[in-house]
Amino acid sequence: MHGEGAGEEIRLMRVIIRRELRDTLRDWRIAMPIGILTVVFPVLMAGVAQLAVYIVNRYGASLLAERVTPFLTLVVGFFPLSFSLVIALETFVGEKERNCLEPLLAAPISDRALYMGKLLAAVIPPLLAGYASIGLYALTLRLVLGGLKLPPSLYAQALVLTTLEAFVMVAGAVVVSAHTTSVRAANLLASFIIVPMALVLQVESIALFWGREGALWWFALALGVLAIILVRAGLRLFQREHLLSRGRQGLPPRRLWQMLKEYWSAPAYAGGEPFSLRRVYLRDVPAVLKESRRALVCVGASVVMAALLGRYLAQQYPLPADLLDFPALSASTFRGLSMPEGLPQFTVPGIFWNNVRALLVEACVGALSLGMGALLLLMVPMMLIGYFAGAVEQVGGGVSRFLVAFILPHGVVELPAAFVATALALRVGLALITPHRDGSVSRQLLETSVDFVKVFVFLVVPLLLIAAAVETQITPRVIMMLYR
Amino acid sequence: MNYPLVWARNLQKRFGELHAVRRVDLDVWAGEVVVLLGPNGAGKTTTVRMLSAILAPTEGEARVAGLDVVRDAVQVRRKVGLLTEYPGLYARMRAPEYLSFFAELYGVPEPRRRERIPALLEQFGLWDVCHQPLAQYSKGMAQKLAFIRAILHDPQVLFLDEPTAALDPLSAKLVRDTIRELKGQGKAVLVCTHNLLEAQELADRILVLGRGEVLAEGRPAELFQRYIRQAVCEIRFAGPWDEAWREIITSLAAIEAIGDGFVRYRTENVTLVNPPLIARLSAAGMPVVSVQILSDNMEGVYLAIVAEKGLPAEEGGDAR
């Protein structure tokens, strides 16, 4: 609190919010599109809903109308929110570029009041526009569609989700804005917010079209937690010093290439030691793993959770016992194993390339989803292992024997490789909210990416190669041996 | 008050590998104007930012109005008026609204705001343009408005970075007069400037910074004495040069140049030498028009310090 009372902090926050709101609303480039989206778009969407009802009446596709109308409520609320990103990304870095920031930083206002004031000022106009859009949409539905009323719970869901989406986007964008050196760099990094939010919207729409409205509350909970994490991370990382520093550079991809090239020479961080496998395995890789220990703990916890969830699902949805008839397996089962299309062949190259590809995809998804995508993609196979182990347990088949036979031989090499790659992907994804010690997001993104490449090439790939060989050559023999 | 309003000891600031401020000791007392001189990148702005509690020192200690700049950052900022390197105005606002925003941040009560903002705008000649958006302000107008912002809350301590930059001579004089007035009110004022004439005119003490440390410090007269050992004087006279005058001058000083209507000489003590010299020259028939001490300005002092310390004209980037 810096010795200030909460009342004084709130007063200062209000002063900041008022100024920022006036500034935003005076900027016709922002105010006009928000206004248009708020007024025109809901009416347009009501027209779409009307079209859906027309189709229902004519062709009897009642499900379409039932699902489209609520879905459009979410869309109508979300569209004006897109401007929250524009406002939030400008918040700090925009003022810095215009040299307006220093007088504000010199003012007697705590970091918290300044940060929260700016954040709320970026949330309020698009959020109010989102609410107004939903209201106008509901009104238009009633007027145009002869009193069509959606359940109040759906409006409540739309309002809650719109609010939380706005907070997640703005909180993320303000973190970016406070840790970049130019508006351009901030706009580039905005894709790390836009892509995950687009995924969120898609999942929400799937839930709605699938008729699982209840699942949206879980989504709201997850978004709420994420918003809190982002706001807290932003507050924790906020430093006036970083905002005034112009020494930090936006780090373009060519810098990534330079950093990788430096790795082959004798960089200062390696004590000037020239590149050698000895240096890689005795110094570089252990150093990165040490740096990633918290991410590894997080991955470990997620894996355990996924396995337990799989076991729980096995109890809920048991497999037929004849599917778990392992003694019926023979050597020819593995020799003649032909995989369905899209799955790898049961050969060393087939399994190796599949695992490499899967972990690279996981890293890309992780980078664009605050690392969450990487965790989720790793959790899926872990959940499957938990599920099958649970299913074996259900039929009294001996879980240890199952794990030792099917998982352990290659898993002892493959799983650590996957855990390490996921932990590194998690760090890349989290770069957005864990800036470098000099305050730069892009530098952290770059350094974690270089760490990922180093560890992937020198540790993960060799381990995956060994694992593929073991999986095709040794695992079937162990299964035969234990289940004969 | 028995302690300086601004006090810093061994103040240091590093940005990664760059040691922007190496060691600065500084006192500014109430009713005193201290000027920081130095080439670009010498560490002036970084020093001011540390004293304004915007940047945290890497090492050392600083107190403003008795408050620690790290522990009591918010309270320090309340006591300080900062004129930043750039005016930094919000383009879509108008002057009264802009000043009102900062006055609110600094906790200036509403009645005081209503009285002080128009008065200051009037004083600095901005009242007639106060309905215009700030984007339309000239550089000078923006600078004046930024100056008003710095003094609006009547701070005890003022840090002014290039206060007369971009100002026309009349406005610059107005700002200098205001600084003197503030000094008269007992404020402690620290000015960063490249304007050596301004430094000489305003400063009670001058600190010359280079490579992030204090290279020289003292009252202007002390610095003249320390660095300008021999003053250069010029006598302008009517009519032609008379060789008889040369002997009179060389008996007391060293002639540097003789030209059309002027003679320039060098002496270690103008107070002792000039009165008898002028008297004897007048007695010898020199029609003296004027006498001027040419080296009696900060430029000579500054150049002497820079030359002695081997400083480049511009150093590598403290302005973070």
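Hey, can you tell me all the residues within the stretch B:147-159 that are touching a Ser or Thr at 6+ places or on another chain (Cβ under 8 Å) and buried (at least 23 other Cβ atoms within 10 Å of the Cβ)?
Taking the stretch B:147-159 and keeping what is touching a Ser or Thr at 6+ places or on another chain (Cβ under 8 Å), we get B:147, B:151, B:159.
The answer is B:147, B:159.
Conditions: (1) in contact with a Leu (Cβ under 6 Å, 6 or more places away or on another chain); (2) within 26 Å of residue B:25 (Cβ to Cβ). Residue B:304 meets all but one. Number of the miss?
Only one criterion in (1) in contact with a Leu (Cβ under 6 Å, 6 or more places away or on another chain); (2) within 26 Å of residue B:25 (Cβ to Cβ) is unmet by residue B:304, namely (1).
Search the stretch B:57-72 for residues that are assigned by TED's automatic domain parsing to the domain that holds residue B:188 and within 17 Å of residue B:30 (Cα to Cα) and pair each with any residue that is surrounded by fewer than 17 Cβ atoms within 10 Å (Cβ to Cβ) and of a type outside the set (S, T, N, Q) when their beta-carbon atoms are under 7 Å apart and the residues are at least 6 apart or on different chains.
These pairs meet every condition: B:66/B:3.
Does the stretch A:1-15 hold any residues that are more than 8 Å from chain B (Cβ to nearest Cβ) and among the β-branched types (Val, Ile, Thr), and which are they?
If the condition is that a residue be more than 8 Å from chain B (Cβ to nearest Cβ) and among the β-branched types (Val, Ile, Thr), then A:10 is the only one that fits.
For the stretch A:159-173, does any single residue satisfy the condition of being of a type in the set (Ser, Thr, Tyr) and free of Cβ contacts under 8 Å to residues at least 60 places away in the same chain?
Of all residues in the stretch A:159-173, those of a type in the set (Ser, Thr, Tyr) come to A:162-163.
Still in the list and also free of Cβ contacts under 8 Å to residues at least 60 places away in the same chain: A:163.
Yes, the stretch A:159-173 contains a residue that is of a type in the set (Ser, Thr, Tyr) and free of Cβ contacts under 8 Å to residues at least 60 places away in the same chain.
Can you go through B:209, B:158 and tell me which one is in contact (Cβ under 8 Å) with a residue 40 or more places away in the chain and within 14 Å of chain A (Cβ to nearest Cβ)?
Details: B:209 fails: within 14 Å of chain A (Cβ to nearest Cβ).
After ruling out the rest, the residue left standing is B:158.
Any idea how many residues of the stretch B:31-73 are more than 14 Å from every other protein chain (Cβ to nearest Cβ), buried (at least 21 other Cβ atoms within 10 Å of the Cβ) and in contact with a Gly (Cβ under 6 Å, 6 or more places away or on another chain)?
The total comes to 4.
Residues are listed down the side, and each one gets a yes or a no for (1) surrounded by fewer than 18 Cβ atoms within 10 Å (Cβ to Cβ); (2) of a type in the set (A, V, I, L, M); (3) over 30 Å from residue B:83 (Cα atoms):
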position	(1), (2), (3)
A:128	yes, yes, yes
A:133	no, no, yes
A:158	no, yes, yes
A:164	no, yes, yes
A:168	no, yes, yes
A:174	no, yes, no
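When you go through A:135, A:94 one by one, which is the residue that is in a helix (DSSP H, G or I) and within 14 Å of chain B (Cβ to nearest Cβ)?
Being in a helix (DSSP H, G or I) and within 14 Å of chain B (Cβ to nearest Cβ) holds for just one of A:135, A:94, which is A:94.
Evaluate the following for residue B:243: is it touching a residue at least 12 places away in the same chain (Cβ under 8 Å) and either of a type outside the set (Val, Ile, Thr) or farther than 30 Å from residue B:160 by Cβ (or both)? It would help to see each step written out before you state the result.
Values: touching a residue at least 12 places away in the same chain (Cβ under 8 Å): no; either of a type outside the set (Val, Ile, Thr) or farther than 30 Å from residue B:160 by Cβ (or both): yes.
When the stated conditions are applied, residue B:243 does not pass them.
Report yes if residue B:258 is modelled with pLDDT of 85 or more and either surrounded by fewer than 15 Cβ atoms within 10 Å (Cβ to Cβ) or in a strand (DSSP E or B) (or both), otherwise no.
Working: modelled with pLDDT of 85 or more: yes; either surrounded by fewer than 15 Cβ atoms within 10 Å (Cβ to Cβ) or in a strand (DSSP E or B) (or both): yes.
Yes, satisfied.
Among the residues that make up the stretch A:398-412, is at least one of them more than 14 Å from every other protein chain (Cβ to nearest Cβ), of a type in the set (Val, Ile, Thr) and under 26 Å from residue A:191 (Cα atoms)? Outline the logic, then answer.
Filtering the stretch A:398-412 for residues more than 14 Å from every other protein chain (Cβ to nearest Cβ) gives A:398-412.
If we keep only those that are of a type in the set (Val, Ile, Thr) as well, we get A:399, A:404, A:407, A:412.
If we keep only those that are under 26 Å from residue A:191 (Cα atoms) too, we end up with none.
No, the stretch A:398-412 has no match at all.
Looking at the stretch B:75-108 only, could you name the residues that are part of a loop (DSSP other than H, G, I, E, B), under 17 Å from residue A:109 (Cβ atoms) and not polar (S, T, N, Q)?
Taking the stretch B:75-108 and keeping what is part of a loop (DSSP other than H, G, I, E, B), we get B:84-93, B:106-108.
Among the residues that remain, those that are also under 17 Å from residue A:109 (Cβ atoms) are: B:84, B:88, B:90, B:106-108.
Once the filter is applied, which keeps residues that are part of a loop (DSSP other than H, G, I, E, B), under 17 Å from residue A:109 (Cβ atoms) and not polar (S, T, N, Q), the stretch B:75-108 yields B:88, B:90, B:106, B:107, B:108.
Considering every residue within the stretch A:42-58, establish whether at least one is of a type in the set (Val, Ile, Thr) and within 12 Å of chain B (Cβ to nearest Cβ).
Residues of the stretch A:42-58 of a type in the set (Val, Ile, Thr): A:43, A:48, A:53, A:55-56.
Keeping just the survivors that are within 12 Å of chain B (Cβ to nearest Cβ) gives none.
Within the stretch A:42-58, none of the residues are of a type in the set (Val, Ile, Thr) and within 12 Å of chain B (Cβ to nearest Cβ).
Is the stretch A:96-118 home to any residue that is touching a His at 6+ places or on another chain (Cβ under 6 Å) and closer than 28 Å to residue A:16 by Cβ? It would help to see each step written out before you state the result.
Keep residues of the stretch A:96-118 that are touching a His at 6+ places or on another chain (Cβ under 6 Å), which gives A:110.
Next cut, closer than 28 Å to residue A:16 by Cβ only: A:110.
So far as the stretch A:96-118 goes, yes, one or more of its residues are touching a His at 6+ places or on another chain (Cβ under 6 Å) and closer than 28 Å to residue A:16 by Cβ.
When you scan the stretch B:207-220, do you find a residue that is closer than 30 Å to residue B:10 by Cβ and in a helix (DSSP H, G or I), even just one? Explain how you work it out, then say what you get.
Here is the first cut: in the stretch B:207-220, the ones closer than 30 Å to residue B:10 by Cβ are B:207-220.
Then drop every residue that is not in a helix (DSSP H, G or I), which leaves B:220.
Yes, there is a match, as at least one residue in the stretch B:207-220 is closer than 30 Å to residue B:10 by Cβ and in a helix (DSSP H, G or I).
Could you please let me know if residue B:129 is β-branched (Val, Ile, Thr), assigned by TED's automatic domain parsing to the domain that holds residue B:22 and over 26 Å from residue B:30 (Cβ atoms)?
Details: β-branched (Val, Ile, Thr): yes; assigned by TED's automatic domain parsing to the domain that holds residue B:22: yes; over 26 Å from residue B:30 (Cβ atoms): yes.
The answer is yes for residue B:129.
Just the residues that are of a type in the set (Asp, Glu) and buried (at least 17 other Cβ atoms within 10 Å of the Cβ), please, taken from the stretch B:86-128. Lay out the reasoning, then the answer.
Step one: filter the stretch B:86-128 for residues of a type in the set (Asp, Glu), giving B:97, B:104, B:110, B:115, B:122, B:128.
Scanning the stretch B:86-128 gives a single hit, B:104.
Can you tell me which residue in the stretch A:19-29 is surrounded by the most Cβ atoms within 10 Å (Cβ to Cβ), limited to those that are at the interface with chain B (Cβ under 8 Å from one of its Cβ atoms) and in a helix (DSSP H, G or I)? Steps first, please.
First, pick out the residues of the stretch A:19-29 that are at the interface with chain B (Cβ under 8 Å from one of its Cβ atoms): A:19, A:22-23, A:26-27.
Right, trim to in a helix (DSSP H, G or I) and you get A:19, A:22-23, A:26.
On the way: A:19: 22, A:22: 16, A:23: 18, A:26: 14.
My answer is A:19.
Suppose we keep only residues that are loosely packed, with under 12 Cβ neighbours inside 10 Å and among the hydrophobic types (A, V, I, L, M, F, W, C) within the stretch B:287-320. Which one would you say is modelled with the highest pLDDT?
Among residues in the stretch B:287-320 that are loosely packed, with under 12 Cβ neighbours inside 10 Å and among the hydrophobic types (A, V, I, L, M, F, W, C), the one modelled with the highest pLDDT is B:307.
Give the residue, chosen from A:104, A:128, A:72, that is part of a helix (DSSP H, G or I), farther than 19 Å from residue A:172 by Cβ and within 14 Å of chain B (Cβ to nearest Cβ). Even if it seems obvious, please write down each step before you answer.
Numbers: A:128 fails: within 14 Å of chain B (Cβ to nearest Cβ); A:72 fails: within 14 Å of chain B (Cβ to nearest Cβ).
Exactly one residue qualifies, and that residue is A:104.
Could you look through the stretch B:221-246, keep only residues that are of a type in the set (A, V, I, L, M, F, W, C) and in a strand (DSSP E or B), and pick out the one that is surrounded by the most Cβ atoms within 10 Å (Cβ to Cβ)? First the steps, then the outcome.
So in the stretch B:221-246, the residues of a type in the set (A, V, I, L, M, F, W, C) come out as B:221, B:223-224, B:228, B:231-233, B:235, B:237-238, B:241, B:244-245.
Remaining after also requiring in a strand (DSSP E or B): B:231-233, B:235, B:237.
Working: B:231: 21, B:232: 20, B:233: 23, B:235: 21, B:237: 20.
Checking each candidate, the answer is B:233.
So that you can scan it fast, the table gives a plain yes or no per residue for (1) hydrophobic (A, V, I, L, M, F, W, C); (2) in the same structural domain as residue B:26 (by TED's automatic domain parsing); (3) farther than 30 Å from residue B:4 by Cβ; (4) crowded, with 20+ Cβ neighbours inside 10 Å:
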site: B:136; (1), (2), (3), (4): no, yes, yes, no
site: B:144; (1), (2), (3), (4): no, yes, no, yes
site: B:176; (1), (2), (3), (4): no, yes, no, no
site: B:179; (1), (2), (3), (4): yes, yes, no, yes
site: B:183; (1), (2), (3), (4): no, yes, no, no
site: B:193; (1), (2), (3), (4): no, yes, no, yes
site: B:197; (1), (2), (3), (4): yes, yes, no, no
site: B:202; (1), (2), (3), (4): yes, yes, no, yes
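Among (1) at pLDDT below 85; (2) in a helix (DSSP H, G or I); (3) farther than 22 Å from residue B:15 by Cβ, there is one condition residue A:229 misses while meeting the rest; what is its number?
Evaluating residue A:229 over (1) at pLDDT below 85; (2) in a helix (DSSP H, G or I); (3) farther than 22 Å from residue B:15 by Cβ leaves (1) as the failure.
Among the residues of the stretch B:261-278, write down those that are closer than 26 Å to residue B:221 by Cα and either part of a helix (DSSP H, G or I) or over 32 Å from the mean Cα position of the chain (by Cα) (or both).
Taking the stretch B:261-278 first, the residues closer than 26 Å to residue B:221 by Cα are B:263-278.
Listed by number, the residues that qualify are B:263, B:270, B:271, B:272, B:273, B:274, B:275, B:276, B:277, B:278.
Regarding residue B:266, is this residue among the charged types (D, E, K, R) and at pLDDT 90 or above?
Working: among the charged types (D, E, K, R): yes; at pLDDT 90 or above: no.
No: the conditions fail for residue B:266.
Please specify each residue of the stretch B:18-30 satisfying the condition of being within 14 Å of chain A (Cβ to nearest Cβ) and either polar (S, T, N, Q) or surrounded by fewer than 24 Cβ atoms within 10 Å (Cβ to Cβ) (or both). Lay out the reasoning, then the answer.
As a first pass, look at the stretch B:18-30 and keep what is within 14 Å of chain A (Cβ to nearest Cβ): B:18-21.
If the condition is that a residue be within 14 Å of chain A (Cβ to nearest Cβ) and either polar (S, T, N, Q) or surrounded by fewer than 24 Cβ atoms within 10 Å (Cβ to Cβ) (or both), then B:18, B:19 are the ones that fit.
The values are calculated or read from the model by the stated rules, or taken from the named source; none is laboratory data. The model shown is predicted, which means the values in this text are computed figures rather than measured ones. Using ideal geometry, Cβ is built from the backbone for each residue, glycine included, and neighbour counts are taken over all protein chains shown.
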